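Contents: one structure, followed by commentary.
The values are calculated or read from the model by the stated rules, or taken from the named source; none is laboratory data. Keep in mind that what you see is a predicted model, and the values were worked out from it rather than measured. Neighbour counts run over all protein chains shown; Cβ positions are idealised from the backbone, glycine included. The protein model used for the area step is the full one, side chains on, heavy atoms only, and it has no ligands, DNA or RNA in it. Shrake-Rupley method; radii C 1.70, N 1.55, O 1.52, S 1.80 Å.
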Amino acid sequence: MKTLTSNHIVFFSPTHTSAKIARAIGEGIGMGKRIEIDLTTDQDDSVIEIKDSVAIIAVPVYAGRVAPIALQRLQRLRGNNAFAILVALYGNRDYEDALVELRDETMRLGFTPLAAGAFIGEHSYSRPNMPIAAGRPDTTDLLTATQFGKDCLAKLKREERNGEFYIKGNIPYRLVGPSTPTAPTCTEECFACGECIGICPTHAIAWGSDRKIKTEVGLCIKCCACVKECPNNARIFDTPYTPMLHQKCAEPRNPELFL
Ligand SMILES: Cc1cc2nc3c(=O)[nH]c(=O)nc-3n(C[C@H](O)[C@H](O)[C@H](O)COP(=O)(O)O)c2cc1C
Ligand code: SF4
Ligand code: SF4
């Protein structure tokens, strides 16, 4: 087996579910030198070279595809033939063509796909009174992810990685139309602590001249990080998708692994 010196954990993960699964897979691989690359709020465009590594690359599914902003952020990576374990996190509806798209994109960036997995995370639009996959990934999901990491390592050691492996999804990818420009808003409970400003992946939130929180609707990707992390529950995103998904996607789905 070619000498691998490190294990990169790369993710874009506004509400942390992709990051949790990526780290759990990293545990399973258990390689000495672990390097975490969090692309969530990082707008730097300098190149990141990855060499002699197994890279876990985890992204959220938006509308059955890789979240467009995650695709943009991945463009900094140079794979140099490093092995990649591909992960799509979805909110218990479906991941459709996201894993196939992630495979194609990472190959363009120079990675050699080793394995892929679709995992379930609490939906961005999940709310306490209308949960959608609330609390996922749960302990069982994390154990599955860690075992998946071990299985990927075993595959590497068996030198089987050159064979192509099946990933569920279609080409051409699902078409996604333009989405209506909307964004979460602050309620009167907002005490202007400013915490949401720093966590917004697109820097759509800023102080207004009146020292109130302002949101640039055109920049918002509706990830709901600000809604879920506001310490005073003062951010709301009112979307008809919440009751619809709460009703239609109640049956828990299981991770699907391809290697
Ligand atoms: C704009 C948008 C579109 C989404 N589309 C889907 C989808 O097509 N299928 C699905 O199951 N979940 C979908 N989700 C839910 C996310 O995939 C899910 O919450 C994921 O866990 C988020 O990853 P993160 O926690 O790493 O940010 C969508 C979320 C957003 C914000
Ligand atoms: S985190 Fe919540 S309370 Fe703090 S500024 Fe943002 S909306 Fe207001
Ligand atoms: S303002 Fe929009 S992009 Fe920024 S954290 Fe909130 S939902 Fe996400």
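ASN80 versus GLU164, label points 7 Å from Cα toward the beta carbon: distance in nm?
In this crude label model, ASN80 to GLU164 measures out at 2.8 nm.
Would you kindly state how much longer the chain becomes between MET130 and VAL47 on full extension, computed as 0.36 nm times their sequence separation minus their alpha carbon distance, in nm to one decimal?
Additional length available on full extension: 25.8 nm.
To the nearest 0.05, how large is the calculated FRET efficiency for LEU175 and SER209 if R₀ is 35 Å and r is the Cβ-Cβ distance?
E(calc), rounded to 0.05, equals 0.30.
At 0.36 nm per residue, minus the direct Cα-Cα distance, what do TYR241 and LEU257 gain on full extension? Give it in nm, one decimal, please.
Answer, rounded to one decimal: 3.0 nm.
Using Cα positions and a limit of under 29 Å, work out the lysines in reach of LYS214, with same-chain residues fewer than 8 apart set aside.
Within reach: LYS222, LYS228.
For the pair GLN72 and GLU229, what calculated FRET efficiency results from E = 1/(1 + (r/R0)^6), where r is the Cβ-Cβ distance and R0 = 22 Å, to the nearest 0.05?
Plugging the Cβ-Cβ distance into 1/(1 + (r/R0)^6) gives 0.50.
Round to the nearest 0.05 the FRET efficiency obtained for THR185 and ASP38 when R0 = 25 Å and r is the Cβ-Cβ distance.
The computed FRET efficiency comes out at 0.40.
Could you work out the per residue convex hull volume over the alpha carbons of the stretch 185-238, in cubic angstrom?
Per-residue hull volume (Cα only) is 75 Å³.
Return one whole number: the accessible area per residue of the stretch 160-227 in Å², for a 1.4 Å probe.
Using a 1.4 Å probe on heavy atoms only, each residue of the stretch 160-227 averages 65 Å².
Which of the peptides 230-240, 83-93, 8-18, 103-113 is most tightly packed, and how do the rest follow, judged by the mean count of other Cβ atoms within 10 Å per residue?
83-93, 8-18, 103-113, 230-240
Please compute the alpha carbon radius of gyration of the stretch 53-201, then divide it by the globular-protein estimate 2.2 N^0.38 Å. Two decimals is fine.
Its radius of gyration relative to the 2.2 N^0.38 Å reference: 1.19.
What fraction of the DSSP beta bridges in the stretch 35-125 is antiparallel, stated in percent and rounded to the nearest 5?
Taking every DSSP beta bridge within the stretch 35-125, about 10 percent pair in antiparallel fashion.
Ignoring ligands, DNA and RNA, what percent of the accessible area of the stretch 185-238 is carbon or sulfur (1.4 Å)?
51 percent
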